[in-house]
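Engineer: Pasting a structure below so you can have a look.
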Amino acid sequence: MVSRGAALRAFVLACLGTLALGAQTLTLTFDDGPNRVQTPLLSPDARNAAILKALGDAKVQAIVFTNGIDGGDTPEGRAALAAWGRAGHLVGNHTYSHLRLTNLAAFKADFLRCDAMIQGIPGYTRLFRFPYLKEGATLDVRDGMRKVLAEAGYRNAHVTIPTFDWLIDERLRTRLHGDPRADLEPYRTYYLEDVLDQADRARALALRLTGREVKQAMLLHHCLLNALFLGDLIRALRANGWTLVGPLEAYADPIYQQAPRGLDTGTSLLKTLAAERGLLPGPEGLEEAYEHEKAALLKAGL
Ligand SMILES: [Zn+2]
């Protein structure tokens, strides 16, 4: 795993070395917050505080994309969200129930329900993250929801760097349930290498697609894994040349004005646009990438 990531990075850097490049820039976005379910090691409040501390220590502004389920729409959940806003972060919308977009009317109602929940919270920002990154499987539904977002003054907060933090987090929690004293170091190492690898791939794809550095948006989750290792992740990203910027600076990049032509791709904006322009055989959807990642985790014994 370590050698695979290191080798890939060396290869990518060698390929890019002769190009005149701007800064490698990304913003951190956290989906499914504030997750209040019980996990090993840390309470929901401790996890929220640890993520905020890692961001604060590193002086990084981020955004949390909110659901009402999993404890979000409770006094404790609203207090956890308010702590993000008070610390200078942004609070966006991820639907109340983490719905998959199939029925437009139901999805619109769930989107508006989340909006009503977060409107009074400091940091409230009209950025929307589609659950499963799925924008709709038919033209009517996709364009209908694009219209709903525009009318509500929202923008689609696309992802350009997908990660598998949620899957690594799931494996880590399963291990800790079986053995509360399990060694966390292999998970940390795997996680950091995996994210650096995904970031490098997205950067290389952006350069192929646009000929320039794109201000990237990294998909992470409000989870135990990040409560434990977010500080390490930020240090590793910076050590690999990444500059971390706030969400609004990143989403001002013109790449985010481009609306994919395809339906329900469920993957990063860069992969979708690259596939549409014939630079990739097809966008690797989340399900397909998930099988690869799961196999890699099993191979690593995690
Ligand atoms: Zn989500």
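Engineer: Local charge sum around G153 (other residues, Cβ-Cβ under 11 Å, Lys/Arg +1, Asp/Glu -1)? Working shown, then result.
Structural biologist: Working: positive: R126, R155; negative: D115, E151.
Taking every other residue near G153 into account, the sum is 0.
Engineer: Compute the projected area of the convex hull of the Cα atoms of segment 40-111, averaged over all viewing directions, and report it in nm² to one decimal place. Don't jump to the answer; show the numbers that get you there.
Structural biologist: Values: hull surface 22.4 nm².
Approximately 5.6 nm², given one-decimal rounding.
Engineer: Also, quick follow-up: What Kirkwood radius, in Å to one decimal, follows from the Cα pairs of the chain?
Structural biologist: Evaluated over the chain, this radius sits at 19.6 Å.
Engineer: Follow-up. List the longest stretch of the chain that has no exposed loop site; here a site is one of the trypsin sites (Lys or Arg not before Pro) assigned by DSSP to anything other than H, G, I, E or B, with at most 16 other Cβ within 10 Å. Don't jump to the answer; show the numbers that get you there.
Structural biologist: Details: sites that count: K59, R100, R181, R212, R261, R277.
The longest such stretch corresponds to 101-180.
Engineer: In addition: With unit charges on the beta carbon (Lys/Arg positive, Asp/Glu negative), name the residue among V148, L248, A259 whose Cα is farthest towards the positive pole of the charge dipole of the chain.
Structural biologist: L248
Engineer: Which of the three applies to segment 117-200, rounded, prolate or oblate, going by the alpha-carbon gyration tensor with a ≥ b ≥ c and a/c under 1.5 meaning rounded?
Structural biologist: Judged from the Cα gyration tensor, segment 117-200 comes out prolate (a/c at least 1.5, a/b above b/c).
Engineer: Right, here's the next one. By the scheme Lys and Arg +1, Asp and Glu -1, what is the net charge of all other residues having a beta-carbon under 9 Å from that of Q216?
Structural biologist: Cβ neighbours under 9 Å give a net charge of 0.
Engineer: How much net charge surrounds G262 when only other residues with a Cβ under 12 Å from its Cβ are counted (Lys, Arg +1; Asp, Glu -1)?
Structural biologist: Every neighbour counted, the sum reads +2.
Each value in this text was obtained by applying a stated rule to the coordinates, not by laboratory testing. Note that this is a predicted model, so its numbers are computed, not measured. We place every Cβ from the backbone using ideal geometry, glycine too, and count neighbours over all the protein chains shown.
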